[in-house]
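Okay, so here's the structure we're looking at.
The values are calculated or read from the model by the stated rules, or taken from the named source; none is laboratory data. Remember, predicted model here, so these are calculated numbers, not experimental data. As a convention, Cβ positions derive from the backbone with ideal geometry for all residues, glycine included, and neighbour counts pool all protein chains shown.
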Amino acid sequence: MKIKFLENKSKRKIALSLIIVIVLSINIIISSLIFFDIRVVKSPEMTLDINIIEINSNEIVLQTKLSIENPNQFDLIIQNLSAITKTNDGSEIVNIILSGGEITSNDNKTFISTDQLSFNDDLSKNLTTTVTGIVGLRFLGFIKKTIPIVFNVITSLEEALNNIALPQINIKGDFGEITSEGIDFITEVEVKNPNTFDILIEKLSVVLKTENDEIVGQFNINGNTIYANSKKILNGNGKILIVALNAKTLFINLSASSGMKIAGISKSIDIATEIQIDVPNLGEIISTDTPTEAFIDADMKFKRNGFLSWGFISYMTLKIINPNKIDFIIKDVVFSIYRVDDVSQNLVGQCVVNESFVEAENTTSIPAEVYLPLKLIIKGQRLFLPQMPNGFFVIIRANVTISGIDQGFWIGVSGYQDLRMFT
């Protein structure tokens with residue numbers, strides 16, 4: 001019996017020793033595997049992209065994209081991922097938690113978050129984003145080694161803010177009614193806003209200058225809000241000096257203050273533009289709704305001019321109706337009378353009248369007398385059967401201008417008196 005007990009006890013010792021050896025062997029193997037894997041583990045490759053998707057009046061839409069690639073033969077576990085974005089002065093404006101997860105061997109995973117940023121006082125030119133988290137290495141399905149990750153990325157807003165487009169401005173100018181106070185000048189300003197935020201155009205100032213930099217007019221135009229990705233027409237008008245018509249070229253200078261709200265912060269930008277316009281002819285800006293009109297009144301009387309010289313006196317009056325609100329000057333007025341014989345016309349009398357003043361919104365009469373010698377009226381050698389003209393053709397031409405300017409326009413009026421009824 002004693003021998004049998006000793007044998008059982010010996011067997012138990014041998015079994016226990018085997019168990020201890022097996023456990024030690026397993027620990028040694030696992031430890032060596034751990035040591036080996038830690039030495040050969042490759043760091044995960046991480047790429048962080050921070051993109052500005054949109055800038056509008058109230059906020060900046062920022063997209064944070066973190067890509068992690070696992071180059072190892074074992075799985076990675078990503079935990080506690082967060083991205084904190086701060087301004088230059090250390091103010092925290094974004095604190096986001098990125099969803100973690102497991103990345104299998106030789107695979108990658110992307111974590112994306114879209115956030116809205118707004119500022120209270122000033123736009124920071126640079127943003128610093130700090131990414132933190134934990135990367136875990138899984139062994140044999142139950143052993144895990146964790147490694148903390150921390151890195152910073154600086155995002156510049158300066159480039160994005162510099163790419164903000166200025167409003168596009170097109171100007172059209174047109175001349176209106178002319179009066180003694182000046183010439184009405186009408187402007188049409190088209191403002192296009194290509195940005196994703198509203199722009200307030202205010203304090204629009206229009207200055208007209210000649211090629212000699214002489215200011216001939218200036219006035220203001222009311223501003224307005226130009227909404228994002230839209231355009232608007234701003235209309236204005238003012239007076240310019242009449243002497244502007246003496247210029248060879250006119251320039252429209254437009255300046256304005258452009259106010260904008262970006263991500264909750266108000267900004268102001270001064271803008272200016274210039275265009276060149278042609279100087280119109282005086283005749284182009286004279287009223288066409290009620291045109292300047294002219295009429296001829298004529299009367300002819302037989303009169304002796306000396307003892308043996310006989311002829312006719314043609315008493316003519318040029319009547320000019322000026323509907324405009326500015327006085328005219330009529331100069332170089334020439335009265336011409338032509339004898340008409342079938343298809344031929346011959347000048348038989350002419351006179352030039354001195355410069356005259358034509359009042360605004362009034363009718364002015366300019367008289368003239370033209371002597372017509374009898375010998376120019378009666379042709380042929382037959383004393384009792386002279387060859388009389390078919391009629392007389394009267395033409396009056398004059399140059400119309402305005403005091404103080406160099407240019408003018410010609411007017412002409414004509415009339416015909418048929419004499420064939422008397423022959």
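None of ASN152, ASN170, ASN126 is surrounded by fewer than 16 Cβ atoms within 10 Å (Cβ to Cβ), modelled with pLDDT of 75 or more and under 23 Å from PRO280 (Cβ atoms) except ASN170. Restricting the stretch 175-192 to residues that are in a strand (DSSP E or B) and of a type in the set (S, T, N, Q) leaves a set whose member that is surrounded by the most Cβ atoms within 10 Å (Cβ to Cβ) is THR187. Do the conditions hold for ILE34, that is, is it surrounded by 12 or more Cβ atoms within 10 Å (Cβ to Cβ), touching a Phe, Trp or Tyr at 6+ places or on another chain (Cβ under 9 Å), at pLDDT below 75 and of a type in the set (A, V, I, L, M, F, W, C)? Judged against the criteria, ILE34 is a match. Scanning the stretch 208-234 for residues that are under 20 Å from LEU166 (Cβ atoms) and outside any loop (DSSP other than H, G, I, E, B) yields ILE221, ASN224, THR225, ILE226, SER230, LYS231, LYS232, ILE233, LEU234.
GLU59 falls short on exactly one of the conditions (1) closer than 16 Å to ASN152 by Cβ; (2) in contact (Cβ under 8 Å) with a residue 40 or more places away in the chain; (3) acidic (Asp, Glu), and that condition is (1). Considering the stretch 222-239, and only residues there that are without any contact (Cβ under 8 Å) to a residue 60 or more places away in the chain and within 17 Å of GLY176 (Cα to Cα), the residue that is surrounded by the fewest Cβ atoms within 10 Å (Cβ to Cβ) turns out to be ASN235. Scanning the stretch 193-201 for residues that are exposed (fewer than 14 other Cβ atoms within 10 Å of the Cβ), in a loop (DSSP other than H, G, I, E, B) and either assigned by TED's automatic domain parsing to the domain that holds GLU59 or not charged (D, E, K, R) (or both) turns up nothing. Of all residues in the stretch 308-333, those that are in a loop (DSSP other than H, G, I, E, B) and either touching a Lys or Arg at 6+ places or on another chain (Cβ under 6 Å) or free of Cβ contacts under 8 Å to residues at least 40 places away in the same chain (or both) total 2. May I ask you to say which residue of GLU293, GLU190, GLU211, GLU274 is at pLDDT below 85 and not basic (Lys, Arg)? Sole residue among the options that is at pLDDT below 85 and not basic (Lys, Arg): GLU293.
Looking at LEU62, is it modelled with pLDDT under 80 and assigned to a strand (DSSP E or B)? Please lay out each step first, then the result.
Working: modelled with pLDDT under 80: yes; assigned to a strand (DSSP E or B): yes.
For LEU62, the condition - modelled with pLDDT under 80 and assigned to a strand (DSSP E or B) - is met.
Against the numbered list (1) at pLDDT below 65; (2) in the same structural domain as VAL150 (by TED's automatic domain parsing), LEU16 comes up short only at (2).
Take ILE93 and tell me if it is at pLDDT below 80 and in a strand (DSSP E or B). Step through it out loud before you land on a result.
On the way: at pLDDT below 80: yes; in a strand (DSSP E or B): yes.
Judged against the criteria, ILE93 is a match.
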